[in-house]
Amino acid sequence: MIEGILIGLKTALSFQNLMMVMIGCFAGTIIGMLPGLGPMTAIALMIPITYGFDPATGLILMAGVYYGAVFGGSTSSILINAPGVPGTVATSFDGYPMAQQGKAGKALAIAAYSSFAGGTISAIFLLIAAPSLSKVSLSFRSPDYFGLMILGLTAVAAFSSKGNFLKAMMMCVLGLMLASVGQDTLSDIPRFTFNTMNLSDGISFVLVVMATFAMSEALTIIIKGNDPSKAAKQISLTDLGSIKVNKEETKQMAATIPRSSILGFIVGVLPGAGATIASFLAYGMERNFVKSEEKEKFGKGSVQGLSAPETANNAACSGSFVPLLTLGIPGSGTTAVMLGALLGFGIQPGPRLYETNPDIFWSVIMSMYIGMVVLLILNLPLIPYIARILAVPRTFLIPMILFFSVTGIYLMSFNNFDIFLMIGIAVIATILRLYDFPMPPLILAFVLGGLMEENLRRSLLISDGSWSFLWDRPLTVCIMMTIFLIVCWQIYNSLKSIKKTEIL
Amino acid sequence: MKINSVKIISLLFFVLSAFYLYTAHQIQVFAFDENAPFNAKTFPIYLGYAGMFFSGLKIVLPDQKPIEVDPKYLEFRKTILLVLTMIVYGATILKVGFFLSTSLFLVFSYYFLGERRWKYIIIFSFPFVAIFMYLLHGILAVYLRDPLLKYIGIMG
């Protein structure tokens, strides 16, 4: 492991990669800060740029963007009560009241220190957990992988759908359908290409991500008439107050950070759960841990109330890399985007990544830690200046996002068809978003589609067409049981809320 | 059962899944693969059924939290104009070239979204695209097709 860490450090500390971490964190902070634009959009916008670099550098840039965007999301939550990402909603519960009390600088500093601490602790966990899990996952077979992918999709659908499990499952199926367009990987038989050469290679992953996130988010902001810059005017962005944290506050944070980090990391590792659930759970847990007089302060600017979700959401970000790097199965929408980008580089993440590409494996882990340091050193002092971006009017912001999306696809294919297809998918995604159809399950399914079919093919061929592979091995049975429990839980919740609606 | 927009979307999804299933059955597989436990159309067929199953359930089951979007509060005009501008941009980017089509796309988009400060509109279109192109083409050596600039002799 020491050797691996040294390899990782050597790669991550090269001048080019250090620059990439800095650029990534900075760009991520800016994009993540804009309400409505989260880490997925930030990473999606970066993908075409990363293809110009080697895989390790590209992935380091994306990891920097990821952390930067999460940090940026907290900034908009605290300053204008408009969380850039769902993972920072809980941050606004106590961060915004603090900002209203004239302590915006302090709130931002607490968020930054908590993020740093949460990220650091979970990076250490990742350092220990990833190689061990890699070794264990070498014993996984095709049926287990197939089961794990179904579990990932079901879990993401269950957790990201806010009570609309069926909608999320429909989005999963749509993602898998989009992934099935193009030539069959084994027989090269064209499927759903409608005799056009433009579809014979399938639909580009970058195109789908850009269309369903960057572009459709921009269109949703326009159609709903939200103007982030109007919200920014409510609080002074020029005078944020002191960023110093006193002894008492540090003491309070010191108790909160370890438990929230552990919780965040564990939740992050679970498929589908991610930063949003981690932050809410940490907020709830912290409220139960503190004394009754402190409990009263929750929701009114409590230090622990701000520190707990911030620590947990950053810890969950590191945790979500565990299934991606060790099993090759992303646990969240954001890591699904990263998996797609990795596949674009010709790298297959999974247990063998640890052996075949140790430089990538370790440099990503090490760059996460460096990313945390960069965020703290670079972004915290710059926050008063970066925060002014929140006041950029949407009349300039939206066309820029659309421009970067179209250009990203144009530079990859030099093809009008792809641009039209992207616009078409973006329009459909915008309509679906208006009616609360979640997009992360679609992306996760799109990325996993090919792998899922491959593993199902292998499993069915080995078992001679019988579905008994689902209960032949104890591990597969455990995975299938978990899926069954998640589905049952969702059905129970649905029936409960239908009954409630009928009573009302 | 109340008909609402989500039910209509689910119905459309059901029709899409049925069409997908029909197309999946039409996939031509090799003769020796026809009776194999898994061939090129097996997975799409399962997907077609899954799509019909989930959308069918969504249509039949009552809504937990019905969502109705009031068209009064939606800015259709701006959105449609922006989408049309993007389509024109996509259609002209190869023929007219990156510089002019992108700059005009930005000018029209800013204008359609309500921006009237021409100084900023101009700064964030033509010079902005020129700098962007210089960074991409000049520094990062990313190929950018631009017949117009090539004709004028600015780009090689």
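Quick notes
- Spacing of the two label points (7 Å from each Cα toward its C-beta) at B:A31 and A:W467, in nm: 3.2 nm
- Exposure rule at most 10 other beta-carbon atoms within 10 Å, DSSP loop trypsin sites (Lys or Arg not before Pro): chain A longest free segment: A:1-243
- Computed over the alpha-carbon pairs of region A:1-92, the distance histogram in 10 Å steps reads 20, 41, 25, 13, 1 percent, short to long.
- Counting, for every residue in A:73-80, the Cβ atoms of other protein chains within 10 Å of its Cβ and taking the mean gives 0.
- In the protein assembly as shown, helical runs assigned H by DSSP with n ≥ 4 each contribute -39500 (n - 2.57); averaged across all residues and rounded to the nearest 500, the mean residue ellipticity at 222 nm is -23000 deg cm²/dmol.
- In region A:270-359, the GluC sites (Glu not before Pro) that fall in loop regions by DSSP, at most 14 other Cβ within 10 Å: none
- Across region B:101-115, computed HN-Hα scalar couplings (Karplus, 6.51 cos²θ - 1.76 cosθ + 1.60, θ = phi - 60°) run 5, 5, 4, 5, 4, 5, 4, 5, 5, 4, 5, 5, 7, x, 6 Hz from first to last residue, x flagging Gly and Pro.
- Stretchable slack from B:Y143 to B:Y46, in nm (0.36 nm times residue separation minus alpha-carbon distance): 30.7 nm
- Principal-axis tilt of helix A:247-269 within chain A, Cα atoms, nearest 10 degrees: 10 degrees
- Which of A:M338, A:I360, A:C317, positive extreme of dipole for the protein assembly as shown (C-beta unit charges): A:C317
- In degrees, nearest ten, helix A:142-160 long axis to first principal axis of chain A (Cα): 40 degrees
- Nearest-20 debye value, region B:73-152 charge dipole, Cβ charges on Lys, Arg, Asp, Glu: 140 debye
- Net lengthening on full extension, B:L84/B:V96 (0.36 nm per residue, minus Cα-Cα): 2.6 nm
- Partner aspartates and glutamates for A:K224 [C-alpha distance under 20 Å; skip if fewer than 8 residues away on the same chain]: A:D436, B:E68, B:D70, B:E75, B:E115
- When chymotrypsin sites (Phe, Trp or Tyr not before Pro) are flagged only if DSSP places them in a loop and at most 12 other Cβ atoms lie within 10 Å, the longest unflagged stretch of chain A comes out as A:195-470.
- One quarter of the convex hull surface built on the alpha carbon atoms of region A:2-503 amounts to 24.4 nm², the projected area averaged over directions.
- Student exercise, region A:365-504 dipole from Lys, Arg, Asp, Glu Cβ charges, in Debye to nearest 20: 480 debye
- Between A:R259 and A:E293, the C-beta separation translates, for a Förster distance of 22 Å, into a calculated FRET efficiency of about 0.65.
- Principal-axis tilt of helix A:165-179 within chain A, Cα atoms, nearest 10 degrees: 60 degrees
- Formal net charge of residues neighbouring B:N39 (Cβ-Cβ distance under 15 Å; K, R +1; D, E -1): -3
- Cα-centred dipole magnitude for region A:2-503, charges only on beta-carbon of K, R (+1) and D, E (-1), debye, nearest 20: 1240 debye
- Within region B:40-82: backbone nitrogen closer than 20 Å to the A:S497 label point (7 Å, Cα to C-beta): B:54-70
Read-outs: derived from the displayed coordinates by stated rules, not from any lab. Owing to the predicted nature of the structure, the values given are computational and were not obtained by experimental measurement. Cβ coordinates were reconstructed from backbone atoms using ideal geometry, including for glycine residues, and neighbour counts include every protein chain displayed.
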